[in-house]
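Novice: What follows is a single structure, and I will ask about it in a moment.
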Amino acid sequence: MKVNDLMNSKGKAVVSIDVGDSVEDAIRLMHTSKISAVIVKEQDKIAGIFTERDVVRAYIGKMDRKFREIPLRETMTTDIIVAELKDDLSDIMSVMVEKNIRHLPVVDESDRGKLIGMLSIRDIIQIQVKKITSELHYLRDYITGG
């Protein structure tokens, strides 16, 4: 299965925030959107990603300041890996496990790397569980002659 297949089934909504907004703004956005990561943009381009892990890092690393005083550019993760629509989900899953990443922005390589979605490790696990469940059902039917 390709990333494109998963994106078509899960939808392509992306929650993003501006690089100049505060850590508090990002936390509130993540809370109201019920998500654990947001894309950080600067002039409509991906500047980074801000995740729950970044909240912890901001808390430990900037204890002398309030979250509303800390701009995202100081705490976001800037060294991000992206998935492309043509990528195989098994390859993406391997990268996420190897790099200990739970969220990957998805870009459209045919449209100058335009951001089109976000994959989470949960999305990939759900697809794998459905695949395994389907295979198990097929094997049971085959074995029982049903």
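The values are calculated or read from the model by the stated rules, or taken from the named source; none is laboratory data. For clarity, every value in this text was computed on a predicted model and none was experimentally measured. Don't worry about glycine lacking a Cβ; one is built from the backbone with ideal geometry, like all the others, and counts go over all protein chains shown.
Novice: Take the conditions buried (at least 17 other Cβ atoms within 10 Å of the Cβ), closer than 23 Å to GLY113 by Cβ and either more than 14 Å from the chain's Cα centre (by Cα) or without any contact (Cβ under 8 Å) to a residue 40 or more places away in the chain (or both) and apply them to ASP87. Does it pass?
Specialist: yes
Novice: Additional query: I'm told ARG65 meets every condition in (1) assigned to a loop (DSSP other than H, G, I, E, B); (2) in contact with a Lys or Arg (Cβ under 9 Å, 6 or more places away or on another chain) except one. Can you identify the failing condition by its number?
Specialist: Failed condition: (2).
Novice: Among what's in region 112-130 and is assigned to a helix (DSSP H, G or I) and without any contact (Cβ under 8 Å) to a residue 60 or more places away in the chain, pick the residue that is surrounded by the most Cβ atoms within 10 Å (Cβ to Cβ).
Specialist: Top of the filtered list is ILE121.
Novice: Looking at region 94-104, can you tell me whether even one residue there is at pLDDT 90 or above and among the basic types (Lys, Arg)?
Specialist: yes
Novice: Give the residues of region 54-81 that are of a type outside the set (Val, Ile, Thr), buried (at least 16 other Cβ atoms within 10 Å of the Cβ) and within 20 Å of ILE121 (Cα to Cα), sorted by residue number.
Specialist: ASP54, MET76
Novice: Do we have any residue at all in region 30-51 that's surrounded by 17 or more Cβ atoms within 10 Å (Cβ to Cβ), without any contact (Cβ under 8 Å) to a residue 60 or more places away in the chain, among the aromatic types (Phe, Trp, Tyr) and not in a helix (DSSP H, G or I)?
Specialist: Yes, region 30-51 has at least one match.
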